[in-house]
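The values are calculated or read from the model by the stated rules, or taken from the named source; none is laboratory data. Owing to the predicted nature of the structure, the values given are computational and were not obtained by experimental measurement. Cβ sites come from the backbone with ideal geometry, for glycine too, and all protein chains shown count toward neighbours. Accessible surface is based on the protein model in full, side chains and every heavy atom, while ligands, DNA and RNA are left aside. Shrake-Rupley method; radii C 1.70, N 1.55, O 1.52, S 1.80 Å.
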Amino acid sequence: MANALTGEFDVVAEFGMQAVNRVLAVQHQGQDPQVYFHTFAIRIDDAETAVRGTAQIQVSTPTVTLPAGENASKITIHCQLMAYMAASHDSAAVPEFVHGEIAVTLDVVQTTSETENVIAIDFGADDLEVTFTPDPGAGSEEGDGVALSDEETNLVNQIIREIVRTGFEPVNAVVRLPARGEPLRVHHWRFRTMPDDQQPAVAVLLNVTDQAPSPEDLAGVTEVFLQEADDFAIAIGRDFLVATLLDVMRDRLPRSIIGTARIGFWIFGVTVNYSVSLDLDSVRVELGEGRIRLSVGGELTVNNRGGTFTVTQDFRLNADGDNISLDAPDDPHVDLDLNLPFFLEFAEGRVTDEMVGRVRTARDQILRDAGPLVGGPPAAFRDILPGLRTPDPTVIYMATEIQSEGVIVRGALDFGPWQDVVATFETISTWPSRTPVLLIRIGLTFQDDLEQGVLSQEFRRVLEELQGFPPSDHPAIITEEEGNRWRIDDLGKTYLVIRAGEALNLYNSVDPSAIDYEFNALNSWIPGGTVRRFRWVHGSEERVEQEIVKAHQFIARFIGRLGGEIGENGLQPLRWCLEVSGVQGAPPRDVSGWSCGIGAPAVGPGLLEEVGGGGFVVEVPDSEGGVVAHIEVWPPKLRPGGPRPRHPFGAHLLVHFSGSPSTSTWPVLRDALVARRRKDSAVFVIAVVPRGLRVQPLRADANVGWARTEDAEGGWAKAFRVTETPVTFLVNPQGKTVWQQVGPLEVASLKAVFDEHLVAGRPLRWQQRHLKVRVGQPAPDFIFEYLKGQWIALRRLRRRPVLLNFWKSWSEPCLAELRHLQKLYDRFARDGWVILAINDEKDSHRTRELLKENGFTFNFVADTDRRIARLFGVNCWPTTVSINEAGFVHRIQFGVTPGKRGYRGSVHT
């Protein structure tokens, strides 16, 4: 019989929209591509709008609302979108940057079989409704105050609708149904929305009995019993609850009770024998306000005199957070109907007491045997959530409510801590838009085309000749051939690739101050949340040199120099940090995360030969004269002694060993560089100085960079076989030393050397350093010694947060970072944190002692053969790699952790 709570169903579980959105946020942070993803890139070729090109898209965690009306299956999915749209040369005009909300209204379709239920969301349905609402300020590179026009909004809406319809696969949630005979498991369930004005909810309607519901049964469930504070509320219908309790009581109640009561008087006593026979068919269950009443009748015999009785017991449901349990607040109540002789009437009270005691004992045993009625997630959750690819939550039972129509259990869901904010960005140096040539990127796409013979012989020859040049940072796609020129579509800009000789002339003529740089934070995201702001900062804790804030796009651009004007500090290794802030979870809370990228001028293929010794390390300064990291001058692929590119494209290298605390040579170097005739030749100056000697910034021009080093590992001195100082070396872009001089320098003679030996080459450009592994990828596995003679693999530390810190014993930034990590370790080691301090120096005993002297208690890993460092591609110290419990790289931090002032977000714990 239908009732107001559950209709024709046994159980109805209602979920508040906040809880539904929390489940979606958990799915979002799970990074399961079968559900949805947070960033992607697509090619657009829309015939209706004539828009062609590419798009990089970043989406937030989705949220769901229920459209007003009686439809029981429609939902509206909302998400925030940021996009960079690059139109090709033959495309209709389209806004370059887009930011706003997408709302998709569609039907949730359910199909059933004997073994499973499938809930499907089909984005390709004909009745799909897609609406794009631009965020105020979107549509301009500055990202402030300029909204899209109505025409642009309509165009973007058409494009997004087509992307949703054709680019998104249907999303299915498959729910396993129990095998026949499994007790108290869900055999049939249905989904419906309940768009209540006050408390909208999503309902899951369950039949534990093996009776398939009809469409009319689905329409009969209309009451929203969810309250504002509930994540979920489960209503158990009266008929199902009563039938279940009757089965339990009939199975566990004793069928008979036999006893003897001794009743004493002043000087004598009477023995009364009695027996009780329960009529289990008479068991009744009634639901009242706040209680479940159980009654059972039967026959009673007292000293061979018969009668009847009724025992009534009230029960309550208690919610204690973890469980739902049944208890009895009062003793059983016994009504006797006995026909006893007058001399035994006095025994009736004693017999009643005896029966109450016996029934109480039986009742308590039943409650003990039964234990919690519900512990952990209910069966419905265990069946449904795996189909939604969601981890089991902690279920918190908050309250119960007993009504005449059934029982309501109210509770909350806890999916555990949220993941850290992922802040990561790429630095891209782009060709000036006014330059009529594209130097082709020899990447996977073109390499595959070369191997498969797709391209013409002439075009392959041009590619091979250009292979030694620095790659374009955007992949190029061939669209058509025009005689000896090839039209290239490179993210919306049309270029002409001409013969290699002409390309070289054009390339060398580019003013380095005209090179454009771009920060791209496409792969930054907030797991289970929405990004509200990107903030890039260059500088120190005390002094912010530059700051770029973008609220409506994940790209920041520079025209010309990166990191300040030439007149300030010259082009040198520097660090930019990105702070990503926004909201996370449901209800949303403010969060932020950060990451720092370190780079240096790209100086080409290095020395002609590798000479044994330490690394070629220089400092990364801050704006206050301090040091935030040490980096290798050459990235791993361009290490000295490595493969030589066919066409050299590096800068000249000027290495000066001062050997004394004097800085008098520095103005001479600067003046000679300023006076040199060939301003189109790039020069990178390395100042090798005694420990503690500071030098002033080398301010020359946009094609001169510089760096300082104390050569702690002796790599520079050994490479140049330095035996006396001061001494200066000039190395050409091919890696050959073309000039050297022992002793002091003079401006005129040094200028003459420059005019004789400097040749035109590629402009000096800033290049961001990377590891071989990126954020979001599985961490490479390795074996390390964690105790003397005992080894373990990194993969064995899964389900524990792990920090890998690559450090050098002579580097003060490394020691400062280790001190910071020790503070974290002191706070969180008990929570399972693992910190591995990985050092690649030869004297591992000395480095162990250094750790002990400084009171560092985390694990030391000796990597004397640089096996682990090479596995990760480390070329900056310190570098800290954060690995989450699933074994994926979650954050990469180059240099010391930024301080609280300036550009620090939150130290995520």
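Are there any pairs, at least 6 apart or on different chains, whose C-beta atoms fall under 7 Å, with the first in the stretch 725-752 and in the same structural domain as K679 (by the TED database) and at positive phi and the second aliphatic (A, V, I, L, M) and at pLDDT below 90, and if so, which?
Sorted first by the residue in the stretch 725-752, then by its partner, the pairs are G735/L607; G735/L608.
Which one of R291, R305 is assigned by the TED database to the domain that holds R250, among the charged types (D, E, K, R) and modelled with pLDDT under 80?
R305
For every residue, the table says whether it meets (1) assigned to a loop (DSSP other than H, G, I, E, B); (2) in the same structural domain as R800 (by the TED database); (3) modelled with pLDDT of 90 or more; (4) among the polar types (S, T, N, Q).
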| residue | (1), (2), (3), (4) |
| --- | --- |
| I396 | no, no, no, no |
| E401 | no, no, yes, no |
| V409 | no, no, yes, no |
| L413 | no, no, no, no |
| G416 | yes, no, no, no |
| S429 | no, no, no, yes |
| P432 | yes, no, no, no |
| T435 | yes, no, no, yes |
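Return yes or no: is R694 surrounded by 20 or more Cβ atoms within 10 Å (Cβ to Cβ), within 30 Å of E624 (Cβ to Cβ), touching a residue at least 40 places away in the same chain (Cβ under 8 Å) and under 42 Å from the mean Cα position of the chain (by Cα)?
no
What do you reckon, is Q80 in contact (Cβ under 8 Å) with a residue 40 or more places away in the chain, within 15 Å of V531 (Cβ to Cβ) and open to solvent by 30 Å² or more (accessible area, probe 1.4 Å)?
yes
Of the conditions (1) at pLDDT 85 or above; (2) touching a Lys or Arg at 6+ places or on another chain (Cβ under 8 Å), V668 clears all except one; give me its number.
That leaves (2) as the condition not met.
Restricting attention to the stretch 308-342, report how many residues are open to solvent by 20 Å² or more (accessible area, probe 1.4 Å), touching a residue at least 24 places away in the same chain (Cβ under 8 Å) and in a strand (DSSP E or B).
Here the count works out to 14.
Can you pull out the residues in the stretch 786-806 that are touching a residue at least 12 places away in the same chain (Cβ under 8 Å) and in contact with a strand residue (DSSP E or B) (Cβ under 6 Å, 6 or more places away or on another chain)?
Across the stretch 786-806, the qualifying residues are Y786, A793, L797, R800, V802, L803, L804, N805, F806.
Report those strands (runs of 3 or more DSSP E) wholly inside the stretch 38-81 carrying at least 2 residues which are over 18 Å from L24 (Cβ atoms).
Passing ranges, in order: 39-46, 51-59.
Got a sec? Which strands (runs of 3 or more DSSP E) wholly within the stretch 701-810 have at least 3 residues that are open to solvent by less than 60 Å² (accessible area, probe 1.4 Å) and not acidic (D, E)?
Strands (runs of 3 or more DSSP E) meeting the threshold: 704-709, 727-731, 737-742, 802-807.
Looking only at the stretch 842-858, which residues are surrounded by 18 or more Cβ atoms within 10 Å (Cβ to Cβ) and of a type outside the set (A, V, I, L, M, F, W, C)?
Correct list: T847 only.
Taking the stretch 218-247 only, how many residues are under 43 Å from the mean Cα position of the chain (by Cα), of a type in the set (D, E, K, R) and closer than 17 Å to L317 by Cβ?
Residues flagged as under 43 Å from the mean Cα position of the chain (by Cα), of a type in the set (D, E, K, R) and closer than 17 Å to L317 by Cβ within the stretch 218-247 amount to 1.
Scanning the stretch 365-380 for residues that are under 27 Å from V276 (Cα atoms) and surrounded by 12 or more Cβ atoms within 10 Å (Cβ to Cβ), which turns out modelled with the lowest pLDDT?
A370
Please state which of the following conditions R499 fails to meet, knowing it meets all the rest: (1) open to solvent by 20 Å² or more (accessible area, probe 1.4 Å); (2) modelled with pLDDT of 50 or more; (3) among the basic types (K, R).
Exception for R499: condition (2).
Name the one entry in D701, D680, D711 that is at positive phi and among the acidic types (D, E).
D711
Would you check which residues across the stretch 145-168 are of a type in the set (V, I, T) and at pLDDT below 85 and list them?
Across the stretch 145-168, the qualifying residues are V146, I163, V164, T166.
What number goes with the only condition from (1) modelled with pLDDT under 90; (2) closer than 26 Å to A423 by Cα; (3) exposed (fewer than 15 other Cβ atoms within 10 Å of the Cβ); (4) in contact with a Leu (Cβ under 8 Å, 6 or more places away or on another chain) that A829 does not pass?
The one condition A829 does not meet is (4).
E48 is checked against (1) touching a helix residue (DSSP H, G or I) at 6+ places or on another chain (Cβ under 8 Å); (2) surrounded by 17 or more Cβ atoms within 10 Å (Cβ to Cβ); (3) not aliphatic (A, V, I, L, M) and fails just one. What number does that condition carry?
(2)
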